[in-house]
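The values are calculated or read from the model by the stated rules, or taken from the named source; none is laboratory data. Everything numeric in this text was worked out from a predicted model, so none of it was measured. Cβ sites come from the backbone with ideal geometry, for glycine too, and all protein chains shown count toward neighbours. Just the protein is used for accessible areas: all its heavy atoms, side chains included, with ligands, DNA and RNA removed. Shrake-Rupley method; radii C 1.70, N 1.55, O 1.52, S 1.80 Å.
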Amino acid sequence: MELITTRIKGMEDVVPAESHKWHTVERIAADTAASYGFKEIRIPTFENTELFVRSVGETTDVVQKEMFTVQGRESKFTLRPEGTAGTIRAVLQNGLLNEALPQKVFYILSCFRHEKPQAGRLWEFHQFGAEMVGSASPAADAEMICMASSVIERLGLKDIELHINSIGCPHCRAKYYEKLREFFEPNKDKLCPTCQSRLEKNPMRILDCKSDICKEIGKEAPLMIDYLCDECKEHFEKLKGYLDGMGIKYSIDPKIVRGLDYYTKTVFEFITTSIGAQGTVCGGGRYDGLIEEMGGNPTPALGFAMGLERLIMTMEKQGCEFMTPDSCDIYIGAMGDNAQNKAVALTKILRDEGYHAECDVMGRGVKAQMKYANKIGAAYSMIIGDNELEAGSARLKNMTTGEECEITLGDKFADRFADIHTADMFSAE
Ligand code: HAM
């Protein structure tokens, strides 16, 4: 029995009483994205495994340890561990690069990573992400960072620190990799087996390993930022200038390497101390080589993604405001079959006008119906019985003040309800 009544670890339900929190974050994120000219893209949950191996990188933790993959008849499929690879695949496959550049898209989607579950780290989690394709200018980096920062600000979050770094381009990275290999070589045998194999292929990944030993050994490793070529240096300087100009505070954190292979030049993270160890609420950066790597024409691009669970956790911790959950405008109770017919019809009329209206579907007596109306927090209630049917009107009760007034059950019912509702809303202000 336990197998069917217990959810899988690392997965979470969102119960109805919590869904308004998700709506708050999703709406603010989507509205902010729209104000920056981003349009929504929707992509499949499954992609060919090869897509993630090629883009996220075969030596990353995500690909080596964390993907949920199934063997299809001919090839393997993977539940997306992040949104960028699938989004860029969709941008290419749908010819979006032939349209006006930059292409600006955003997404809200679920991702899957087989990591050790803990607070803020799940197997299935959700991201709001945005990708801008076609601009090599540091002004685009500044715009993406500004947009992420606007979302965070509009959610009401405080004390979220922006950390930025540059991890260079393939040109300047070659020299840096040599230095890294020299640095790790004396301790090679102490590294975890995964990192030993990373030393040759992709030594920067060692700096991102979750093993404590590898972390300790890598503490004094050389930093990419000290090996940037002139172009990467200039790009980073210009970005800092734009951020300063926009009044966006940041600190330079040369230790940010990010956990995905596609990044070049700018990388950034927004971090909070409010929710414990998993405090990175947003991560992103430039990935100028990815589109070419995926078979497209060389095209610069960049983006970021935010973890919705972590954002909501932080909002809760900091006492931020969420949208008011939707509540019932009116409950129409009924006594007897004829009255029930009328109640059903009137409820539909109000629903069609956009109100949240409810009536009995349980076959309850009037007392129990009113108890239910109270429980669901209906703003108004009324009861229809034979007398009301005959008179063609009923008493409408304001459930907060207890005040009652007459309301017609005829053609003007919806108009009359709208007038009362609006007048009460104004007098309550
Ligand atoms: P990422 O840093 O791997 O970047 O993930 C982005 C955000 O997703 C993290 O900052 C965190 O808030 C959330 N997140 C990641 N893993 C988990 C998890 N296991 N449980 C809960 N939340 C998690 C990316 O995914 C890139 N695609 C971002 C990007 C877009 N870069 C360029 N464009």
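Points worth noting:
- Exposed trypsin sites (Lys or Arg not before Pro) absent: longest stretch of the chain, with sites in DSSP loops and at most 16 other Cβ within 10 Å deemed exposed: 256-363
- List TYR36, TYR263, ordered by accessible area with a 1.4 Å probe, largest first: TYR36, TYR263
- As a calculated quantity, the FRET efficiency between SER427 and GLU353 at R0 = 25 Å, using C-beta atoms, amounts to about 0.75.
- Global form of the range 330-420, assessed from the alpha-carbon gyration tensor, a/c cut-off 1.5: rounded
- Loop-resident GluC sites (Glu not before Pro) (DSSP state other than H, G, I, E or B) in the range 39-138 with no more than 10 further Cβ atoms inside 10 Å of their Cβ: GLU74, GLU99.
- Separation of the range 144-161 and the range 220-283, taken as the distance between their Cα centroids, equals 16 angstrom.
- Largest to smallest principal axis extent of the C-alpha atoms in the chain, angstrom: 93, 56, 41
- If both residues of a DSSP beta bridge must be in the chain, then about 80% of such bridges are antiparallel.
- Computed from backbone phi, the HN-Hα couplings of the range 52-61 come to 6, 4, 6, 8, 5, x, 6, 9, 7, 4 Hz, rounded to whole numbers (Karplus: 6.51 cos²θ - 1.76 cosθ + 1.60, θ = phi - 60°; Gly and Pro given as x).
- Segment PHE68..ASP253, full-extension length gain: 63.4 nm, with 0.36 nm per residue of separation and the alpha-carbon distance subtracted.
- Restricting the range 316-412 to chymotrypsin sites (Phe, Trp or Tyr not before Pro) that sit in a DSSP loop and have at most 16 other Cβ atoms within 10 Å of their own Cβ leaves nothing.
- Förster-model FRET efficiency, 45 Å R0, ASP230 and SER75, C-beta, rounded to 0.05: 0.55
- For the chain, the 222 nm mean residue ellipticity estimated from helices alone, with every DSSP H stretch of n ≥ 4 adding -39500 (n - 2.57) and the total spread over all residues, rounds to -11500 deg cm²/dmol.
- Averaging the sequence gap over all C-alpha pairs within less than 8 Å and six or more residues apart, then dividing by the number of residues, gives the chain a relative contact order of 15 percent.
- DSSP bridge pairs, the range 330-420: antiparallel proportion in percent, nearest 5: 50 percent
- Principal-axis tilt of helix 19-35 within the chain, Cα atoms, nearest 10 degrees: 60 degrees
- Within the accessible area of the chain (1.4 Å probe), percent carbon and sulfur: 50 percent
- Förster radius 35 Å - calculated FRET efficiency between MET294 and LYS175, Cβ distance, rounded to 0.05: 0.85
- Extended-chain gain in nm, criterion 0.36 nm per residue less alpha-carbon gap, GLU124 and MET246: 40.4 nm
- Computed over the range 274-429: relative contact order in percent, which uses C-alpha pairs under 8 Å that are six or more apart: 17 percent
- Å² of accessible area per residue within the chain, as computed with a 1.4 Å probe and no ligands counted: 51 Å²
- Selected from PHE417, PHE125, PHE52 as most flexible by GNM, with the chain as the system and alpha-carbon contacts under 10 Å: PHE417
- Between 0 and 90°, nearest 10: helix 366-375 axis offset from the chain longest Cα axis: 30 degrees
- Sparse-neighbourhood loop sites, GluC sites (Glu not before Pro) in the range 231-335 - DSSP loop, at most 12 other Cβ within 10 angstrom: GLU321
- Each Cα pair under 8 Å and six or more residues apart adds its separation to the average, and for the range 330-420 the resulting relative contact order is 29 percent.
- Members of LYS317/LYS371; LYS116/LYS317; LYS21/LYS375; LYS39/LYS249; LYS190/LYS240; LYS9/LYS76 lying beyond 32 Å, as alpha-carbon distances in this model show: LYS317/LYS371; LYS190/LYS240
- Highest-MSF residue in the chain out of HIS126, HIS171, HIS356 [GNM, Cα springs under 10 Å]: HIS356
- Degrees, to the nearest 10: 337-352 long Cα axis against longest axis of the chain: 40 degrees
- Among MET382, MET246, MET362, residue whose mean-square fluctuation peaks in a GNM of the chain (springs only between Cα atoms under 10 Å): MET362
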